[in-house]
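Step one of this worksheet: look at the structure below.
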Amino acid sequence: MPALTMGLAEAKNNFSRVTAEINRTGRPVTVLKNNKPWVVIQPATTPAATDAVDVAIDFMDEYADVFAELAK
């Protein structure tokens, strides 16, 4: 998968749309200034991964007594 890049002016003019797309896809974008990498914009967290971890923890908490019994 090719790296996503865009110029500084494009990122500035479409910042809201760019950040929404980055958050939706989870793919970072490198912003270029004078055709050189300047900054990388990436999502703070991956919502799907966070949700999966939360579900797993809740499941383990709910069935902790079952796991303890199986471990005997």
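Here are the numbers for this structure:
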read-out	value
Dipole of the chain [Lys/Arg +1, Asp/Glu -1 at C-beta], most positive-end residue of T45, A20, N34	N34
Share of carbon and sulfur in the accessible heavy-atom surface of the chain [1.4 Å probe, %]	60 percent
Relative contact order for the chain, counting Cα pairs under 8 Å that sit 6 or more residues apart, in percent	24 percent
Pairwise FRET efficiency - T45 versus E10, Cβ, R0 = 25 Å, nearest 0.05	0.50
Counting DSSP beta bridges with both ends in the chain, the antiparallel % (nearest 5)	55 percent
Total charge dipole magnitude, the chain, about the Cα centre, Cβ charges on Lys, Arg, Asp, Glu only, Debye to nearest 20	920 debye
Highest average packing first - 15-21, 51-57, Cβ atoms within 10 Å	15-21, 51-57
Solvent-accessible area per residue for the chain (1.4 angstrom probe, square angstrom)	83 Å²
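The values are calculated or read from the model by the stated rules, or taken from the named source; none is laboratory data. All of these numbers come straight from a predicted model, not from anything done at the bench. Here Cβ is always computed from backbone atoms with ideal geometry, including for glycine, and neighbour counts include all displayed protein chains. Ligands, DNA and RNA are excluded from the accessible area calculation, which covers all protein heavy atoms including side chains. Shrake-Rupley method; radii C 1.70, N 1.55, O 1.52, S 1.80 Å.
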